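Every number here is computed from the coordinates shown, using simple stated rules; none is lab data. Every value quoted in this text rests on a predicted model; they were computed, and no experiment measured them. For neighbour counting, all protein chains shown are included, and Cβ atoms are generated from backbone atoms with ideal geometry for every residue, glycine included.
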Amino acid sequence: MPEFFKFPKSLKKTNFHYCPGCHHSIVHRLLCEVIDELNIQEKSVGIASIGCSCFLYFYIDVDILEAPHGRACAAATGVKRARPELVVFTYQGDGDFAAIGFNESFHSALRGEKITAIMINNTVYGMTGGQLSPTTLPGQKTTTTPEGRDPNLYGYPPKIAEIFAGLEGVAFSGRFAVNTPKRVLETKKALKKAFLAQINNLGFGYIEILSACPINWKLDPVSANKAVDKLTKVFPLGTFKDEVEKFLSGDKS
Amino acid sequence: MKTKKILAKGIEAIALGALEAGCKCYFGYPITPQNEIPELMARELPKRGGVFLQAESELAAINMVLGACATGIRAMTSSSSPGISLMCEAFSYIAALELPAVVVNVMRGGPGLGGIEASQGDYFQAVKGSGHGDFHFMVLAPYNAQEAYEFTAKAFEFAEKYRNPVMILSDAILGQMKEPLVLKKLRIKKYNKNNWALTGAKNRPSRFIRSLFLSSQELKGKNLKLAKKYKKMEKDIIYESLVNDEDKVIVVAFGSIARIAKDACLNLRKKGYPVGFFRPITLFPFPVKPIQELIKNAKNSLKFVVPELNCGQMVEDVKLAVNGKASVIPLPYPPSVIPFPEELEKEIKKCLSSLSSRKA
């Protein structure tokens with residue numbers, strides 16, 4: 001009988017510590033499926049960051065290094081430059097990637113580092129209790145913006161996937177979500193491309209994944225899952241740059 | 001490598017020492033007075049199959065070092081005081097992750113932007129306060145180009161031996177002064193890294209290197225493990241001692257001012273004064289026992305005189321080592337006021353003849 005569904009080889013058989021309805025666990029699984037399908041488990045090094053996903057090493061069965069808050073892309077640069085034969089990825093939240101670590105993220109992309117950056121955008125600082133993040137929506141209530149994010153005080157959320165798409169060093173950039181089965185499949189396809197960008201030496205691979213944070217959004221898991229749709233109005237889904245497809249289809253320009 | 005004598009700046013000697021030790025990756029960000037290190041590395045490393053990368057900041061540079069060291073490759077960075085301050089966050093992580101990084105601080109005047117004159121104002125930062133939490137660098141303080149070459153190479157060995165960051169503490173005088181340097185083959189031991197380095201989980205289970213320990217027992221264990229390691233480092237304490245049992249005053253100095261102090265001490269000795277000279281080379285671990293031995297062997301009650309290019313920092317460690325068994329007199333020279341040997345001689349003679357200390 002053909003096998004349609006199995007436990008990914010590079011996913012450790014450990015219970016997730018994530019809250020009910022959190023999307024980290026879905027992305028973890030997709031990441032492991034991609035690692036398995038690309039057959040890179042033995043040559044991958046992941047960089048765990050600071051936030052809910054800092055325990056990445058308890059779940060993903062590859063070599064993993066824990067970087068200081070925001071410095072994942074710099075640490076990944078060090079790993080990749082020291083051993084270019086490795087496949088190196090970071091797994092970061094919106095605060096880690098786009099606030100404290102924006103400079104490291106941006107310059108790694110500018111240099112076209114052959115690494116893959118996965119940014120989980122849930123619009124809040126999840127682990128510390130739901131404070132304002134750069135990607136918090138205008139009007140969104142957080143514990144540090146109790147009246148809602150006021151753009152006069154805090155400006156507007158950055159559209160990292162679109163910004164990175166404009167950089168020469170970036171080979172793949174896109175924003176995806178995992179709140180419907182169709183979107184899960186699309187995310188996996190894009191995630192694979194974000195890895196193929198470095199495997200084929202094309203440049204920096206960036207993928208942003210809109211993710212639910214039911215606890216800090218103060219919603220039940222089902223409502224939080226639906227609320228991701230609202231995020232897509234500010235953060236449109238899609239691929240904004242794809243040199244990988246061009247490369248694979250033989251376009252040498 | 002054939003032995004040859006060249007004329008080199010202290011910081012060039014540092015870079016050459018790193019190359020001699022087989023340093024493969026250099027990450028850094030420009031700051032005066034240490035730019036010749038990245039410039040030399042940018043020329044030399046790619047030729048030797050290594051990696052040079054100028055980062056967007058000191059924050060990024062030291063985290064690149066963190067990443068490279070985690071793969072078991074010999075990697076380093078260098079900077080000067082304000083840049084070193086920016087790296088302090090990562091120093092703490094590197095110590096916690098137990099990675100063998102080598103960091104060079106060519107000290108300039110501070111605080112703040114300070115100035116680019118020589119200073120030893122980062123002594124406290126180097127030996128005690130280079131980041132949050134209970135950790136230490138191993139700190140080596142060369143005092144000429146030859147030592148800069150040899151100790152920088154040795155730093156890579158110590159870093160691997162203890163799996164701990166090692167700092168070379170130099171300064172603007174030592175760094176910018178040109179002097180003879182004998183380039184020779186150095187025996188730098190390599191340690192096995194296959195049991196911890198992240199190189200991809202091929203033919204072995206995957207592994208991770210982390211510094212987060214939410215279990216209080218685990219975190220306590222981690223801290224005690226580090227403390228034990230620092231104790232073990234005492235076996236590798238290095239110092240220079242020119243002391244006779246009859247001496248009444250011992251001058252304790254490190255780095256650039258130690259050269260001036262040594263001149264002053266030797267001059268006074270020639271004139272018959274009972275003056276000794278002691279130079280800590282490892283600033284952490286501090287040569288506590290050798291200092292206590294000096295007191296034990298002394299035929300007279302001793303005075304320790306501590307000239308420094310700061311307002312008095314190492315003098316505190318000398319006091320801790322002496323532990324009340326001798327008097328300790330600070331001779332502070334804040335940045336940009338470098339004394340001549342004659343001036344130091346005068347101060348040392350004052351200490352010999354009176355019980356009181358110089359008013360700082």
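Let's see how each residue does on (1) β-branched (Val, Ile, Thr); (2) out of contact with any strand residue (DSSP E or B) (no Cβ under 8 Å at 6 or more places or on another chain); (3) free of Cβ contacts under 8 Å to residues at least 12 places away in the same chain:
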site	(1), (2), (3)
A:40	yes, no, no
A:92	no, no, no
A:100	yes, yes, no
A:110	no, yes, no
A:136	yes, no, no
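Only one residue in B:90, B:15 is surrounded by 24 or more Cβ atoms within 10 Å (Cβ to Cβ), more than 14 Å from chain A (Cβ to nearest Cβ) and out of contact with any His (no Cβ under 9 Å at 6 or more places or on another chain). Which one?
B:15
Is there a residue being under 23 Å from residue A:83 (Cβ atoms), of a type outside the set (D, E, K, R) and out of contact with any Asp or Glu (no Cβ under 6 Å at 6 or more places or on another chain) anywhere in the stretch A:10-32?
Yes, the stretch A:10-32 has at least one match.
I'd like the full set of residues that are under 19 Å from residue A:107 (Cα atoms) and more than 7 Å from every other protein chain (Cβ to nearest Cβ), limited to the stretch B:60-77.
B:61, B:62, B:77
Among the strands (runs of 3 or more DSSP E) contained in the stretch A:1-104, which hold 3 or more residues that are at negative phi and more than 13 Å from chain B (Cβ to nearest Cβ)?
none
Could you count how many residues in the stretch A:142-156 are part of a loop (DSSP other than H, G, I, E, B) and surrounded by 17 or more Cβ atoms within 10 Å (Cβ to Cβ)?
1
Which residues, taken from the stretch B:309-333, are under 19 Å from the mean Cα position of the chain (by Cα) and not in a helix (DSSP H, G or I)?
Those that are under 19 Å from the mean Cα position of the chain (by Cα) and not in a helix (DSSP H, G or I): B:309, B:310, B:311, B:312, B:313.
Of the conditions (1) in a strand (DSSP E or B); (2) more than 20 Å from the chain's Cα centre (by Cα); (3) among the polar types (S, T, N, Q), residue B:195 clears all except one; give me its number.
Result: residue B:195 passes all but (1).
Which condition breaks for residue B:331 when tested against (1) touching a residue at least 40 places away in the same chain (Cβ under 8 Å); (2) in contact with a Pro (Cβ under 7 Å, 6 or more places away or on another chain)?
It is condition (1) that residue B:331 fails.
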